[in-house]
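**Student:** Input: one structure, supplied below.
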Amino acid sequence: MRFVFNFPDLGEGLEEGTILEWFVSEGDSVKVGDSLVQMETDKVVADIPSPRSGTIAARYGNVGDIIQVGSPLVEIEIEGTGESAESNEKVQESAVTEKQAVVEAGVPVQAISESEDGAAVVGTMELAGEGSLLAASDEGSSETERSDAGVRKVLATPVARAMAKEMGIDINNVPGSGPSGRVKKEDILNFKSPSAETGDRTDTFTAGIEDVTYKPLTQIRKTIAKNMLHSKHNAAHMSVFEEVEISVLKEVVTKYKPKFAGKDVKLTYLSFVVKAVAQALKQHPQLNSQIDTENNRMIFRNRYHIAIAVDAPDGLVAPVIRDADRLSIFEIAKKIGELAQKARERKLALEDMKEGSFTITSFGSIGGIFATPVINYPQAGILGIGRILKTPIVKDDEIVIGNIMPVSLTVDHRIVDGGETTRFVKRVMDYLSDPVSLLMDD
């Protein structure tokens, strides 16, 4: 009997994923729980395990292909049965539901709320609108034959359809190299129309020059685009800018950096910023809240989960340091290092991305001074840290060299008024200018 395993829904709202790597080939034997394929979704990169033991009879899709949720990933030949192909199809349809298969495989089916979805990726910082993306959800990658004014619609990936439309190519004339003759992006790029071959020869000198390069959107980039517009359309952004003198903090970091390094932990200013923000949120709860307009209420978070924007290879992500107020500077620094490493290696799990209540982005590590970071909706605020500068300052009526850290705070003005915004940012600045005070407040 052949069991058809469809791409499972790993979280509410997931529509598609991109194949990054196949771990099995046709003819390979697998056991329950063995990794079949690595998929990139709009939140994480995940290995999809096998829900059955048997032999891989067929694979669907190649590396780089976009697979819709519910579309086939593999067919598994289960030993000890001998039904016909037709009866096998019926058995696979009734044997297990999609979510049952996922549960048996050990993949948790989690319901990700809209707020959690917004906290998954931040943009420089957040994320964009469905209307500006390729219409992947309208053109499923597992399309079946259907009539449109009596004409058969060819099988094609969403990227291939959008690319063909952009390039003015009739996709019905393009031979497909994918499963069941499906047209892929490579087929579009390699296609040469007859009219082009027989056209005016005077244009041949430009034939080898490409005006544009097409590159499919990654799942993370789609989410960044969607959430950024969602934040801009649903929050009233207001930003304030400040400078904090951190010479004392610099001395502390310089003094304890070697000690932390001896324990394989990198001590940075960001560890103190996380602690300062967590402590300040306890005294300014409006910044740790969100607005629920549907139920005419405010939701105040009683725990302080700080999301940290990380510049990962495929786009900006915001893993979460949970209960940051309860952690020591050493524990925060260790956690930052672990999450950054997982982000770079594309090993972040859904649990690493959930329930952030406030976000910090350190764009100054690259070179920016001030910015207007976009709120990680539906959070109430996001704090940006700029590049530390040596600047002349006035101290005790004398001009001395100071170490200035620029800070940029963006808040949802529907939730936080100007007075509370400035009080919060001043509290954070007080902690950073006098790091010992972080140990004094509860």
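Every number in this text was worked out from the coordinates using simple rules, so none of it is lab data. Note that the structure is a prediction, hence the values are computed from the model and not measured. Cβ sites come from the backbone with ideal geometry, for glycine too, and all protein chains shown count toward neighbours.
**Student:** Would you tally the net charge around residue 298, using a Cβ to Cβ cut-off of less than 11 Å, leaving residue 298 out, and scoring K and R as +1, D and E as -1? Intermediate results must be reported in sequence, preceding the final value.
**Tutor:** Values: positive: 297, 301, 414; negative: 292.
Here the count lands on +2.
**Student:** Report the gain in length on full extension from residue 47 to residue 261: 0.36 nm times residue separation, minus Cα-Cα distance, nm rounded to one decimal.
**Tutor:** Values: separation 214, 0.36 × 214 = 77.04 nm, distance 3.28 nm.
Contour length minus the Cα-Cα distance gives 73.8 nm.
**Student:** For the stretch 229-307, what value does the Rg/Rh ratio take when both radii are computed over Cα atoms and Rh is the Kirkwood radius, given to two decimals?
**Tutor:** Values: Rg = 17.6 Å, Rh = 15.9 Å.
Rounded to two decimals, Rg over Rh is 1.11.
**Student:** Sort out for me the Cα centre separation of the stretch 23-77 from the stretch 379-408, rounded to whole Å.
**Tutor:** 51
**Student:** For the stretch 263-275, in order, what is each residue's ³J(HN,Hα) by Karplus, 6.51 cos²θ - 1.76 cosθ + 1.60 with θ = phi - 60°, in whole Hz (x at glycine and Pro)?
**Tutor:** In residue order, the calculated couplings are 10, 6, 10, 8, 8, 10, 5, 4, 4, 6, 5, 4, 5 Hz.
**Student:** Calculate one ³J(HN,Hα) per residue across the stretch 323-337 by plugging θ = phi - 60° into the Karplus curve 6.51 cos²θ - 1.76 cosθ + 1.60, and present them in order as whole Hz with x for glycine and proline.
**Tutor:** Karplus values, whole Hz, x for Gly and Pro: 6, 4, 5, 8, 9, 7, 4, 4, 5, 5, 4, 5, 5, 4, x.
**Student:** Ok, one more. Hey, if you drop one equal point scatterer on each alpha-carbon of the stretch 1-71 and run the Debye formula without solvent, what base-10 log of I(q)/I(0) do you get at q = 0.15, 0.17, 0.25 Å⁻¹?
**Tutor:** These q points yield log10 I(q)/I(0) values of -0.45, -0.59, -1.24.
**Student:** Using amide H atoms built in the peptide plane, which far-off residues or other-chain residues are under 5 Å from residue 37 H to H?
**Tutor:** For residue 37, whose amide H was placed from the backbone, the distant partners under 5 Å are 23, 48.
**Student:** According to a simple spin-label model (label point 7 Å from Cα along Cα-to-Cβ), what is the distance in nm between residue 214 and residue 299?
**Tutor:** 4.0
**Student:** Normalising by the residue count of the stretch 314-413, find the relative contact order in percent from Cα pairs under 8 Å and 6+ residues apart. Kindly include the intermediate steps, with their values, before the conclusion.
**Tutor:** Details: 146 pairs, mean separation 21.6, N = 100.
It comes to 22 percent, rounded to a whole number.
**Student:** Checking the a/c ratio against 1.5 first, then a/b against b/c, what shape does the Cα gyration tensor give for the stretch 324-400? Could you put the intermediate results ahead of the total?
**Tutor:** On the way: a/c = 2.12, a/b = 1.85, b/c = 1.14.
In terms of gyration-tensor shape, prolate.
**Student:** Tell me which residues come under 5 Å, amide H to amide H, from residue 414 once H is placed; ignore anything under 5 positions away on its chain.
**Tutor:** 236
**Student:** Name the residues whose placed amide hydrogens come within less than 5 Å of the amide hydrogen of residue 3, ignoring near sequence neighbours (fewer than 5 apart) on the same chain.
**Tutor:** The list, which skips near neighbours in sequence, is 76, 77, 78.
**Student:** Calculate one ³J(HN,Hα) per residue across the stretch 398-409 by plugging θ = phi - 60° into the Karplus curve 6.51 cos²θ - 1.76 cosθ + 1.60, and present them in order as whole Hz with x for glycine and proline.
**Tutor:** Running phi through 6.51 cos²θ - 1.76 cosθ + 1.60 with θ = phi - 60° gives 10, 8, 10, 7, x, 10, 9, 9, x, 10, 10, 10 Hz.
**Student:** So which chymotrypsin sites (Phe, Trp or Tyr not before Pro) in the stretch 208-256 are both in a DSSP loop and have at most 16 other Cβ atoms within 10 Å of their Cβ?
**Tutor:** Numbers: sites: 214, 241, 256; in loops: 214.
For chymotrypsin sites (Phe, Trp or Tyr not before Pro) across the stretch 208-256 that sit outside H, G, I, E and B with at most 16 neighbouring Cβ atoms in 10 Å, the list reads 214.
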